[in-house]
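S.K.: The following block contains the structure, expressed as structure tokens.
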Amino acid sequence: MSAITDNARTRTIVTGAAVGREMHAGTTRREQLVGWAFLAPFLVAFVLFLVWPVVHGLYLSFTDQSLTGAGGAFVGFANYAEALADPTMWRSIGNTLWFTVISTIPLVLIALLMAVLVDRGIPGQWLWRLSFFMPFLLASTVISQIWVWIFNPQIGAANAILESFGLEPLAWLQNPDTNMNAIIIATVWWTVGFNFLLYLAALQNIPAQQYEAAALDGAGPLRQLWSITLPQLAPVTVLIVMLQILASLKLFDQAYQMLGGVASDTTRSIVQYMYEAGFVGYRFGYSAAISYVFFALIVVIGVAQALVTRRRKEQ
């Protein structure tokens, strides 16, 4: 009698476990379906607006497709061979890299200086924060128009400042020797507020006890800045540099608008050259090939930056 009872109890336990597994499997499948349902809108948008343009652009780079609808025949690597031998493309890449290097340095240093000054408690902090960050909220067309007036050779504020110091006025945007510098100045004024905000947030996360302990040990403000502030800001600095490089490599709108769409050999960026090849020269296939050459360059820069960052962390 006891054996029969034990067997019945065992069958009940096994049956209950099997039913539990089936219920769990059903619940898991329902949860997966619900999860995919929530992801579906994003996945559709991701495929339509990112994956498909990348795949289609890669296909176009191997054709002679025209903006007019003509062409479309497969030409293999002919567009890439032409791009690699195109001196205008390499000059445009050089202009872009020059702009990236020259603009990134002040965008990091000036943002750091502004954040330190505001964090140290200068009067009217809310006003400084607003004034530093406000230009970043403006559209590129507004920024471009402001600086076109500032750099106006006859009535602009830039030449008025130069003349107040006894210097000769400059044709900022008309002279090939100064037009890229003018674009860099406008870009720094426009975008430095975003980096300032990142630095300020990082500074406010540094514990005040570290500065108090350093002050008790006799460390002055400069020593505290060098030994406490800058090391604590190293991760944020890496992030800012990375974001700034990626943003600067996409130089187009402010340069195009400030120069009225007329690019010179000293200001034509690689993005503007893509635009000219595709929408002015009607060569969609060649423009796509240029874009993927530039993409390969960005990948190389990104990998190099990642390797440098990793080595610094290991040290």
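The values are calculated or read from the model by the stated rules, or taken from the named source; none is laboratory data. Remember, it's a predicted structure, so these values are computed and weren't measured experimentally. FYI the Cβ positions are ideal-geometry reconstructions off the backbone, even for glycines, and counts take in every protein chain you see. Ligands, DNA and RNA are stripped out before the accessible areas are found, and what is left, the full protein with its side chains, is counted by its heavy atoms. Shrake-Rupley method; radii C 1.70, N 1.55, O 1.52, S 1.80 Å.
S.K.: Do you know the relative contact order of region 208-315, to the nearest whole percent, from alpha carbon pairs under 8 angstrom that are 6+ apart?
M.R.: Relative contact order comes out at 15 percent.
S.K.: Points 7 angstrom from Cα along the Cβ direction at Ser66 and Ser164: gap in nanometres?
M.R.: 5.6
S.K.: Debye sum, Cα scatterers, region 201-279, no solvent: what log₁₀ I/I(0) at q = 0.13, 0.16, 0.21, 0.26 1/Å?
M.R.: With one equal scatterer per Cα and no solvent, log10 I(q)/I(0) is -0.60, -0.69, -0.91, -1.15.
S.K.: Once region 24-119 is represented by equal point scatterers at the alpha-carbon sites, with solvent omitted, what log10 I(q)/I(0) does the Debye formula produce at q = 0.12, 0.14, 0.22, 0.24 Å⁻¹?
M.R.: For region 24-119, the Cα-only Debye profile gives -0.81, -0.86, -1.11, -1.16.
S.K.: For the chain, what relative contact order do you get, as a whole percent, if you take Cα pairs closer than 8 Å and at least 6 residues apart?
M.R.: 28
S.K.: If ligands, DNA and RNA are left out, what is the accessible area of Ser291 with a 1.4 Å probe, given in Å² to the nearest 10?
M.R.: 40
S.K.: Helix 284-314 versus the longest principal axis of the chain: what angle, 0 to 90°, nearest 10, using Cα atoms?
M.R.: Taking the Cα atoms of the chain, the angle to 284-314 is about 70 degrees.
S.K.: Can you pull the percent of the chain's accessible area that's carbon plus sulfur, 1.4 Å probe, other chains left in place?
M.R.: 70
S.K.: Rolling a 1.4 angstrom probe over the protein chains, ignoring ligands and nucleic acids, what is the accessible area of Val280 in square angstrom, nearest 10?
M.R.: We get 90 Å² for Val280.
S.K.: At 7 Å along Cα-to-Cβ for each site, give me the label-to-label distance between Gln154 and Ile110 in nm.
M.R.: 2.8
S.K.: A follow-up question, please. What full-extension length gain, to one decimal in nm, is calculated for Trp226 and Phe279 as 0.36 nm per residue of separation minus the Cα-Cα distance?
M.R.: Result for the pair: 14.1 nm of gain on full extension.
S.K.: Still on this model: If N is the number of residues in the chain, what value comes out of its Cα radius of gyration divided by 2.2 N^0.38 Å?
M.R.: Compactness ratio reported: 1.49.
S.K.: May I pose another question? In Å², what does the accessible area per residue of region 164-315 work out to with a 1.4 Å probe?
M.R.: For region 164-315, the per-residue accessible area is 55 Å².
S.K.: If you don't mind, another one. For n ≥ 4 DSSP H runs only, could you compute -39500 (n - 2.57) per run for the chain, divide by its residues and tell me the 222 nm figure to the nearest 500?
M.R.: Estimated from H runs of four or more residues: -23000 deg cm²/dmol.
S.K.: Leaving ligands and nucleic acids out of the surface, order Trp126, Trp90 by accessible area at 1.4 Å, largest first.
M.R.: Trp126, Trp90
S.K.: On to the next question. In whole angstrom, how far apart do the alpha carbon centroids of region 208-230 and region 130-145 sit?
M.R.: 35
S.K.: Just grab the label-to-label distance for Ala296 and Val142, each label 7 Å out from Cα along the Cβ direction, in nm (one decimal).
M.R.: The two pseudo-label positions are separated by 4.1 nm.
S.K.: Full extension from Gln209 to Ser131: what is 0.36 nm times the residue separation minus their Cα-Cα distance, to one decimal in nm?
M.R.: 25.1 nm
S.K.: What chymotrypsin sites (Phe, Trp or Tyr not before Pro) does region 30-69 have in DSSP loop regions with at most 13 other beta carbons within 10 Å?
M.R.: The qualifying sites: there are none.
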